Amino acid sequence: MSIPKPVYNPPFNITRASHSVLTVSDLAASRNFYVDLLGFIVSDEDRDTLYLRGVAEACHHSLVLKRGSGEPQAERVGMRVFSEEDLEKAKAFFDKAGLPAKWVEVAHQGRTLHATDASGAPIEFCATMEVKPRLLVTFAQHRGAVPQRLDHFQLLVPDVQKACEFWMSMGFRLSEYISPDGTEDLLFVFLQRKGNPHDIVFAPGDGPRLHHAAFAIPESYHFFQVCDLAAEMGFAANIEFGPGRHGPGHALFVYMRDPDGHRIELFNTHYQVMDIENEPVRWDASHVMQRRWQLPARRQWFVEASRFAGVEPRAPARKGDPISLEKFIAAGMR
Ligand SMILES: [Fe+2]
């Protein structure tokens, strides 16, 4: 195993993680969680769809919730490209790679390319969206955790090395990675285009599945505000992990499960990583654990994730052995 070489002049220009599309069973319950509790701004809604954005976002949506029947699923994760020309180049890239890619019409977005990545995850690219007011200093509309903007996605995949190679071939740069102690295996990879630690993260597990979408929040205070509010509104059990401090990326975080089980991360404090001499930061898996001050995540955090619609997850060749809260307690909390 080895770290793929960065591609500084990529085949097309992806600028950032943009949005995700999730199916939910009860839009009113979702609205209560995302809008009344977390503080998302509603850009548009109809009988079957809720379009949400953060207060710092001027584009139409970073989270789309669709009424669905059956198991709640992730339909897609979306990336922005810089221009229409980049969309054409993206189509050519996927065609050349022999991967599915087709033009579709999507409400509130410019021309959109649906594609499938090397792991089988459904993704989409667009260059434009309808514009909405940026509410960053419209304080009267700030609620809950005051989500500012989508920052990144984390996907579980059966082959992290393969996912890393594919996304780096599209110009993503490896900012940090976790390897089992004493190996160069890529266990967790943190990949970025926008100049902070990650736009997309790949972790080992049955997949492809969407582990979480992460939204930046303004201050440490908002972690406690939203947890207090969650308890008051009957969502205490939806707080899954944290508040705590990440090793890679250094952010403070809290993970919550929405009423359908989709996982959302709220986090703050990222750093810049964009210069030519920024080499990937390596973490031994044991070092990540030593650096934490919060208790480990429950086992469910490591293994549960949202299935992608129509995609049957595949198991990794080698099952991981993460230190879950359950294991930590069984071992005498050492
Ligand atoms: Fe995250």
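The values are calculated or read from the model by the stated rules, or taken from the named source; none is laboratory data. Computed from a predicted model, the values in this text were never measured in an experiment. Note that we place each Cβ from the backbone using ideal geometry, even for glycine, and neighbour counts take in every protein chain shown. Quick note on the areas: whole protein, heavy atoms, side chains included, nothing else; ligands and nucleic acids left out. Shrake-Rupley method; radii C 1.70, N 1.55, O 1.52, S 1.80 Å.
With a 1.4 Å probe rolled over the protein heavy atoms of all chains, the accessible area of Leu325, Leu295, Leu210 falls in the order Leu295, Leu325, Leu210, largest first. Estimated at the nearest 10 Å², the accessible area of Asp321 is 120 Å² with a 1.4 Å probe. If you take all other residues with their beta carbon under 15 Å from the beta carbon of Arg16, and give Lys and Arg +1 and Asp and Glu -1, the sum is +1.
Inter-part distance, the stretch 239-301 to the stretch 183-199, computed on C-alpha centroids, equals 12 Å.
Summed over qualifying helices (DSSP H, 4 residues or more, each -39500 (n - 2.57)) and divided by its residue number, the chain shows a 222 nm mean residue ellipticity of -4500 deg cm²/dmol.
For the pair Asp284 and Asp26, the difference between a 0.36 nm per residue extended length and the Cα-Cα distance amounts to 88.7 nm.
Do any of Lys66/Lys132; Lys96/Lys162; Lys91/Lys162; Lys5/Lys162; Lys5/Lys89; Lys89/Lys132 go past 24 Å between their Cα atoms, and which? Over 24 Å Cα-Cα: Lys89/Lys132.
Looking at the chain, the accessible area is 44 square angstrom per residue; that uses a 1.4 Å probe and ignores ligands, DNA and RNA. Longest stretch of the chain clear of exposed loop sites (GluC sites (Glu not before Pro), DSSP loop, at most 13 other Cβ atoms within 10 Å, sites excluded): 1-104.
Got a sec? Charge dipole of the stretch 1-112, +1 on Cβ for Lys and Arg, -1 for Asp and Glu; which of His61, Ala28, Tyr8 is way out at the positive end? Farthest towards the positive pole: Tyr8. Distances between placed amide hydrogens fall under 5 Å for Gly171 paired with Val7, all partners being 5 or more residues away or on another chain. For the chain, the relative contact order is 19 percent, taking Cα pairs closer than 8 Å that sit 6 or more residues apart in sequence and dividing their mean separation by the residue count. Excluding same-chain neighbours fewer than eight residues apart, the lysines reachable from Lys327 by a Cα-Cα span under 22 Å are Lys319.
Proximity of backbone amide H atoms, modeled 1.01 Å from N, is registered between Thr112 and Val104, Val106 at under 5 Å, excluding neighbours fewer than 5 places apart on the same chain.
The stretch 145-170 and the stretch 1-17 have their alpha-carbon centroids 13 Å apart. Report, to the nearest whole %, how much of the accessible area of the chain belongs to carbon and sulfur atoms, 1.4 Å probe, protein only. Exposed carbon and sulfur together represent 53 percent of the surface. Short-range pairs are left out: with C-alpha atoms under 8 Å and at least six residues apart, the relative contact order of the stretch 107-182 is 25 percent. Based on Cα atoms of the stretch 1-118, Rg over Rh with Rh as the Kirkwood radius reads 1.03.
Of the residues Thr116, Thr128, ranked by 1.4 Å probe accessible area with the largest first, the sequence reads Thr128, Thr116. DSSP finds beta bridges in the chain, and of those with both partners inside it, around 70 percent are antiparallel.
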